[in-house]
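The values are calculated or read from the model by the stated rules, or taken from the named source; none is laboratory data. As the structure is a computational prediction, the values presented were derived from the model and not from experiment. Positions of Cβ are generated from backbone atoms using ideal geometry, with glycine treated the same way; all protein chains shown enter the neighbour counts. Ligands, DNA and RNA are stripped out before the accessible areas are found, and what is left, the full protein with its side chains, is counted by its heavy atoms. Shrake-Rupley method; radii C 1.70, N 1.55, O 1.52, S 1.80 Å.
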Amino acid sequence: MLLCRGSKDRKSPLHMPCIGTISPAGLPRQRIMILREVCKENRFLRFHTDNRTDKISDIADGAPISVLGYHPGAKIQLRLSGTARIETDSPAADKAWQETSLYGKRCYLANPGPGTPSPGPISGLSADLEGRKPGAEEVLPGRSNFAILLAEIDKIEWLYLAHSGHRRARFSWDEESGNWNGEWLVP
């Protein structure tokens, strides 16, 4: 599956899909996020985020979410939708933090937090952390800012682009049967 490969292969075009949420004011927001895990059995995608970002307020437990990815080599567009939740203090969040590289953990040390206005371009990292790999002890304070975004997918639209004629299908999760139902669509 292309999405599974996207969660493991940094060079895959599906490693960084576009994530869409809706702000508390009802405004649509999109951002690129790194796909960290795909669990087909539970129908979820996992992303990492800083719990000080505006997407945290967008995603209450069960908030709508959309995921858009395109793989130019395969000529396949994937549009997924479902509901999302944020976890900060859970076994899954702890495991994700443990598996994150020291460079990845360094991102959660930004001070002030993401989205804070600044008089100029800054990373938010202290000068002694910029440009170098931090030690394990140095990144520990970042754990309090780390969260995982879990998207439970209930709809998938697949579009294959071809000169001979595009093909499109939609898959919807049926809660009662515990199965995906699919249908062909006119592209």
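Pairs linking a residue in the range 7-25 that is of a type in the set (S, T, N, Q) to a residue that is open to solvent by 80 Å² or more (accessible area, probe 1.4 Å), with Cβ atoms under 7 Å and 6 or more positions apart or on different chains, are 7/36; 12/5. Within the range 45-83, the residues that satisfy the criterion of being in a loop (DSSP other than H, G, I, E, B) and either under 30 Å from residue 103 (Cα atoms) or at pLDDT 95 or above (or both) are 51, 52, 53, 59, 60, 61, 72, 73, 74, 75. Would you check if residue 93 is under 30 Å from residue 141 (Cα atoms) and small (Gly, Ala, Ser)? Yes. Scanning the range 17-51 for residues that are touching a Phe, Trp or Tyr at 6+ places or on another chain (Cβ under 9 Å) and under 15 Å from residue 107 (Cβ atoms) returns 33, 34, 36, 48, 49, 50, 51. Quick one: in the range 12-26, of everything that is in a loop (DSSP other than H, G, I, E, B) and modelled with pLDDT of 95 or more, which residue is farthest from residue 155 (Cα to Cα)? By that ranking, first place goes to 12. If the condition is being touching a residue at least 12 places away in the same chain (Cβ under 8 Å) and not in a strand (DSSP E or B), then the range 145-164 contributes 145, 161, 162. List the number of the failed condition for residue 145; all other conditions in (1) open to solvent by 60 Å² or more (accessible area, probe 1.4 Å); (2) under 30 Å from residue 60 (Cβ atoms) hold. The failed condition is (1). State the number of residues belonging to the range 157-167 that are among the aliphatic types (A, V, I, L, M) and either open to solvent by less than 30 Å² (accessible area, probe 1.4 Å) or within 18 Å of residue 33 (Cβ to Cβ) (or both). Result for the range 157-167: 1. If you go through the range 87-122 and pick out every residue that is open to solvent by less than 40 Å² (accessible area, probe 1.4 Å) and either under 15 Å from residue 49 (Cβ atoms) or not in a loop (DSSP other than H, G, I, E, B) (or both), you end up with 12. Only a single criterion out of (1) surrounded by fewer than 17 Cβ atoms within 10 Å (Cβ to Cβ); (2) assigned to a strand (DSSP E or B) is not satisfied by residue 125, namely (2).
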